[in-house]
Amino acid sequence: MRPMVRFDLKEIGKHMARTRYQRGTLETSVPARGNRAKRKLPRGTFWGSWYRYSMASDGVERRIKREKIITKDLARRYGLATDYDGPLNRTDARRVLDALIAADADTAAVPDRQATLAEMARQYLALAEPGWGPHMRRVSGVIIDRHIVRGPLGTHPIARITELDLQQFLNGYVKAGASRSLLRGILLHVRSIFRLARKRKIMLENPTEDLRAKSKKPASERALSLAECRLLLSTLSGRDHLIVRMAIQLGLRPEELFALRRDDVIGDQLRVDEALVAGRSAPVKTSASRAFVYIPPDLAVELRGWLECSLGEARGWLFHPVNGDRSRPLNPDKFRRRILQPAAIRAGVGVSDSGRRDRLGRPVPRTDVDFRALRRTCATLFGDRARDPKSTQAQLRHADPTITLRYYQKAVPESVKAAAVAFEADLIREPSGAVPASSAIH
């Protein structure tokens with residue numbers, strides 16, 4: 001017969017960590033303690049308290065009282081209280097307290113199953129944004145705010161959103177002709193937001209794993225012919241002629257073109273090391289984009305003419321408003337809408353009916369010419385004249401680890417110079433074969 005082992009049932013499991021759910025205490029006043037009287041807090045400020053559980057060396061679980069003053073600034077660190085002005089409300093203060101409890105070791109907060117998709121999106125943005133660069137921050141911020149926070153599912157509790165709801169949400173964008181990049185961005189961030197909700201135990205399963213969204217919008221391959229380039233340039237003069245010509249011949253991105261400074265023109269080379277993000281200077285998009293671009297001879301003459309007739313400091317913007325604040329660069333979107341596209345319409349390049357009418361009932365034309373089309377134009381026309389594909393990659397500064405011409409290499413290969421000169425000769429040559437005088441600015 002086996003001897004009976006006596007033990008106390010109350011002692012079983014004391015050495016094991018336990019998941020504890022607690023709501024904590026949220027008050028508008030700091031309670032009295034010792035000789036200190038009860039203290040009323042300003043409106044929108046709360047006192048929160050909870051317990052932190054820990055295991056002592058003797059195997060006995062102990063709890064420690066924790067407390068925190070919760071303000072609106074603290075709430076915004078967690079992506080809360082960003083959609084309204086005024087003092088912090090009690091609902092968001094409670095959510096901050098839940099987050100504080102969840103962040104404490106060996107403790108967990110009651111999952112907030114009423115949290116909406118918009119609220120979780122703001123929390124995800126607050127966590128992810130510090131690790132993004134300026135370009136990612138701008139693009140992703142717009143996608144999350146416009147299509148997720150303010151989208152049709154933004155006000156729905158995230159725990160109640162099903163896979164069918166999300167697929168129908170994406171299908172709506174597919175039917176509306178959304179681009180591949182927009183769909184990819186929405187899907188990427190939606191999945192990340194739901195992973196965060198799953199991690200915080202707001203939902204048991206992640207409904208985004210099998211979502212699919214394929215754009216029906218064909219990718220644009222629009223590039224201008226030499227004849228169209230000549231027509232477009234013939235409608236422009238001065239600064240505007242130079243800007244469009246540089247976009248065509250050098251293939252610069254608009255955010256790079258309008259971020260150029262006067263001292264970026266160095267002999268027959270152009271230094272590209274800045275880009276405009278939300279109107280402010282930032283590093284270029286990729287490391288390969290940081291490079292020196294060769295300026296063909298005739299374009300160099302026109303560029304020097306502009307530098308001579310436009311006064312400015314060395315670090316001043318190369319292109320600034322003529323009658324405006326010279327401390328600010330030209331806005332790429334405004335230039336496209338007010339100068340580039342009207343010029344293309346006057347030249348009859350890529351013009352079609354927009355389906356709209358003006359105040360007199362006349363049809364309003366539109367054009368497919370934009371800076372992306374000009375960059376593709378450079379890739380197409382320059383590439384036709386470059387015998388080595390690497391020369392085109394160097395000219396457009398595409399990121400590719402196999403290219404020997406990296407952004408640190410300042411010397412421009414002779415093949416790039418030869419292709420650039422041939423491209424320029426074809427661009428400025430008249431149909432009769434004569435080469436006109438340079439369109440330098442006076």
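Bear in mind that the values in this text are calculations on the coordinates, not laboratory data. These numbers were taken from a predicted model, which means no experiment stands behind them. Note that each Cβ is placed from the backbone with ideal geometry, even for glycine, and that neighbours are counted across all protein chains shown.
Hey, can you grab everything whose amide H is under 5 Å from the amide H of Ile70? Only 5+ residues off in sequence or another chain; H modelled, so Pro and N-termini drop out.
Residues meeting the amide H criterion: Phe46, Trp47, Gly48.
With a cut-off of 8 Å between alpha carbons and a minimum separation of six or more residues, what is the relative contact order of the chain in percent? Walk me through the numbers on the way to the answer.
Values: 634 pairs, mean separation 51.7, N = 442.
Averaging sequence separation for qualifying contacts and normalising by length gives 12 percent for the chain.
Mind jotting down a quarter of the surface of the convex hull over the alpha carbons of the chain, in square nanometres, one decimal?
36.7 nm²
I need the calculated FRET efficiency for the pair Arg372 and Glu313, taking r as the beta carbon distance and R₀ as 35 Å, to the nearest 0.05. Intermediate results must be reported in sequence, preceding the final value.
Numbers: r = 32 Å, r/R0 = 0.91.
According to the calculation, E is roughly 0.65.
Out of the DSSP beta bridges found with both residues in the chain, what percent are antiparallel (nearest 5)? Numbers along the way, then the final one.
Details: 33 of 35 bridges.
Beta bridges within the chain, antiparallel portion: roughly 95 percent.
Quick one: which of 368-374, 251-257, 221-227 comes out on top by average Cβ neighbours within 10 Å, and what's the full order, highest first?
Final packing ranking: 251-257, 368-374, 221-227.
Kirkwood hydrodynamic radius, segment 117-199, all distinct C-alpha pairs: what's the number in Å? Can you show the working numbers first?
Values: mean 1/r = 0.0771 Å⁻¹.
By the Kirkwood definition, the hydrodynamic radius is 13.0 Å.
Once you have the Cα-Cα distance between His398 and Arg23, take 0.36 nm times their residue separation minus that, and quote the gain in nm to one decimal.
Values: separation 375, 0.36 × 375 = 135.00 nm, distance 5.31 nm.
Result: 129.7 nm gained on full extension.
For segment 206-214, take each phi angle, set θ = phi - 60°, evaluate the Karplus expression 6.51 cos²θ - 1.76 cosθ + 1.60, and give the result in whole Hz per residue in order, putting x for glycine and proline.
9, x, 9, 4, 9, 5, 9, 7, 10
Relative contact order for segment 226-428: what percent, with Cα pairs under 8 Å and sequence separation of 6 or more? Don't jump to the answer; show the numbers that get you there.
Values: 296 pairs, mean separation 56.0, N = 203.
Relative contact order here is 28 percent.
In the P(r) worked out for segment 185-298, what percent of Cα pairs fall beyond 21 Å?
On the way: 3881 of 6441 pairs.
Tail of P(r) above 21 Å: 60 percent of Cα pairs.
Can you work out the Karplus-derived ³J(HN,Hα) for every residue in segment 260-277? Use 6.51 cos²θ - 1.76 cosθ + 1.60 with θ = phi - 60°, whole Hz, and x for glycine or proline.
Once rounded to whole Hz, the list reads 5, 10, 4, 7, 7, 8, 10, x, 9, 10, 10, 7, 10, 9, 9, 8, 8, 10.
Taking other Cβ within 10 Å of each residue's Cβ, how do Asp325, Asp83, Asp112, Asp268 sort, fewest first? Could you put the intermediate results ahead of the total?
Details: Asp325 8, Asp83 11, Asp112 22, Asp268 17.
The most exposed by this proxy come first: Asp325, Asp83, Asp268, Asp112.
Where a ≥ b ≥ c are the square roots of the eigenvalues of the C-alpha gyration tensor, would you call segment 207-268 rounded, which needs a/c under 1.5, or, failing that, prolate if a/b is larger than b/c, or oblate?
Values: a/c = 3.81, a/b = 1.78, b/c = 2.14.
Because a/c hits 1.5 or more and a/b fails to exceed b/c, segment 207-268 counts as oblate.
Measure off 7 Å from each Cα along the Cα-to-Cβ vector at Asp388 and Asp83, then give the distance between these two points in nanometres to one decimal.
Each label point is offset 7 Å from its Cα along the Cβ direction, giving 5.6 nm.
Got a sec? Which residues in segment 281-320 would a label at Arg338 touch, if it sits 7 Å along Cα→Cβ and we count backbone N under 14 Å?
Backbone N within reach: 320.
Are there any chymotrypsin sites (Phe, Trp or Tyr not before Pro) in segment 82-183 that are in a DSSP loop and have at most 10 other Cβ atoms within 10 Å? List them by number.
On the way: sites: Tyr84, Tyr124, Trp132, Phe169, Tyr173; in loops: Tyr84, Trp132.
Hits after loop and neighbour filter: Tyr84.
Using the Kirkwood radius built from alpha carbon pairs, what does the Stokes-Einstein equation give as D for segment 226-428 at 4 °C and 1.567 mPa s, in µm² per second? Could the numbers behind the result be given before it?
Values: Rh = 17.7 Å.
Answer, rounded: 73 µm²/s.
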